[in-house]
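Okay, structure first, notes after.
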Amino acid sequence: MAEPKPSRWLLVFLVVVGLVAAGAGAWGIYYYTTPRPQSGLLTVELGDNATVDYIGMFGSGPQSGKVFDTSIYSIYQNNVSYPKSLYFASTHSSNPANYTPLPTHIGPTGSYTIGNLTFGTTVTGFWTGLIGMHGNQTRYIIIPAGLGYGPLDPACLATEPLRYTVPVTVPLSAANFATTYPGVSATSGTMFTDPVYGWTDLVLSANSTAVVVQHLPTLGQTTAFGAWNITVTNLSSTTITVENLITPSNYARLLGTFATGRACGGSTSDHYLINSVSPNAGTYTINWNSEVTGQTLIFRVTVIDIFQG
């Protein structure tokens, strides 16, 4: 009796483990392909153009295994078998017409139009991994960051404290009050819910030019703070101590939002991921690089058509 062969997913898993173990310096493309190319079939070569369907998944980082992109509408719909990344919902359309095979040029540069399709280049690891494939063939391509979207830009990383203080009273100009608390009456004695912290605020005093706001949380109060909760751990006459409830078990599920966009790599991001959390150090690290930057990526690709160069 022939020995049983390992499953496709087991092979993919073993390749990913090997790649991660090799460290960030690994500069190779790894793939598992089924079925094997047969002699006589047209295959993808350098300089060709091809249309391909794909599913892009993370092979490293806190979102490992989650789908960040796809050309297939049924994959977009299926969140059970194909759980999605944190950015996925905000960057993908629900219109089925937007899910079509990707026109890909097999080479580092150039844009080519054939009929109504424009074939553009992709990251090196993607188009290189297509070489040798034939029509209707499916392959898993594993791409390290060096052949994908490059390393993380350290200028787009910041370490923040898990615990910090907020002043009990905040003096504001009348104009800043209106901007910070839209729709709230600048009248002494007005009480309202703080739009950032979720606790109760009081207009302590107000005139035509200045307003003083007093924060009125209670000790132990827990409120929503964007994508996660915060809790009040200490109160004094002048300060409120707040702790972000970010833990090793939940940080990979949290997508933060900036009050204003921050520049990164020639673009601006309104959101950030949490790369890590260190309860012992009392810090967490935010990352507003693009979601795929600095990560090993796994693509399941199927060649639909090949157009010889």
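Any read-out appearing in this document is the output of simple, stated calculations on the displayed coordinates, not a laboratory observation. No experiment lies behind these values; they were computed from the predicted model shown. Cβ sites come from the backbone with ideal geometry, for glycine too, and all protein chains shown count toward neighbours.
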Which one, L219, L147, L254, has the greatest fluctuation when you compute a Gaussian network model over the chain with C-alpha springs under 10 angstrom?
L219
Rank by packing, highest mean first: peptides 243-251, 99-107, with packing defined as the count of other Cβ atoms within 10 Å averaged across residues.
99-107, 243-251
Any idea which of A281, T124, L297 is furthest toward the positive side of the dipole for the chain, if Lys and Arg beta-carbons carry +1 and Asp and Glu beta-carbons -1?
L297
222 nm [θ] for the chain, helices only, -39500 (n - 2.57) per DSSP H run of 4+, per residue, to 500?
-3000 deg cm²/dmol
Region 166-228: radius of gyration and largest Cα-Cα distance (Dmax), Å:
11.8, 37
Treating the angle as unsigned and between 0 and 90°, give the value, to the nearest 10°, between the Cα long axis of helix 8-22 and the longest Cα principal axis of the chain.
70 degrees
Region 108-156: relative contact order from alpha carbon pairs under 8 Å, six or more residues apart, as a whole percent, is 29 percent
If amide H atoms are built 1.01 Å from N in the plane of the peptide, which residues on other chains or at least 5 residues away come under 5 Å of the amide H of G150?
G294
Protection-proxy order for peptides 108-118, 130-140, each taking the mean of Cβ atoms within 10 Å per residue, highest first
130-140, 108-118
Charge dipole (debye, nearest 20) of the chain; +1 at Cβ of Lys and Arg, -1 at Cβ of Asp and Glu:
460 debye
Residue order, fewest to most surrounding Cβ atoms within 10 angstrom, among D153, D48, D53:
D153, D53, D48
For a Förster distance of 51 Å, can you work out the FRET efficiency between the beta-carbons of Q77 and S185, rounded to the nearest 0.05?
0.65
Below 8 Å, C-alpha to C-alpha, sequence gap of six or more: please give me the relative contact order for the chain in percent.
24 percent
Options (1) 84, 49, 33; (2) 63, 52, 32; (3) 62, 48, 35 are given for Cα extents along the principal axes in Å, and the computed one is (1)
Using only alpha carbon pairs under 8 Å that are at least six residues apart, calculate the relative contact order of region 166-228 and give it in whole percent.
34 percent
